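Notes to accompany the following structure.
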Amino acid sequence: MKIKPLSDRVLVEPLEDKEVEKGGIIIPDSAKEKPQQGKVISLGTGKKDDDGKLIPFNVKEGDTVLMPKYGGTEVKLDDKEYQIMREDDILAVIG
């Protein structure tokens, strides 16, 4: 199944943090923090300014981005989890 975000929304695949266990403590999934990094999978059609001109996106497909812990809407497609969020909600581009 394919999904295409609308307007200024961006489809992001959260990246799992590399986990290092110290002292043999195993942290259950429910206690882990949500990922803050993700990979941009797809872009919407774009946001328009007051004159009706399209404002270009600051991110592009394939970018690794920093996103808020609890931002966006979670979506599950083909057993993978994604987040759909407005471009304004993305905090930074990494790299």
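Every read-out reported here was derived from the displayed coordinates using simple, explicitly stated rules and does not represent laboratory data. Quantities reported herein were computed from a predicted structural model and do not represent experimental measurements. Methodologically, a virtual Cβ is constructed for each residue, glycine included, from the backbone with ideal geometry; neighbour enumeration extends over all protein chains shown.
Please report Rg over Rh for the range 45-91, where both radii come from the alpha carbon positions and Rh follows the Kirkwood definition.
Reported Rg/Rh (Cα atoms, Kirkwood Rh): 1.03.
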Check your understanding: In the range 64-94, which residues have a backbone nitrogen under 20 Å from the label point lying 7 Å from D49's Cα in the Cα-to-Cβ direction?
Key -> 87-89
Check your understanding: How do L11, L43, L91 line up, fewest other C-beta atoms within 10 Å first?
Key -> L91, L43, L11
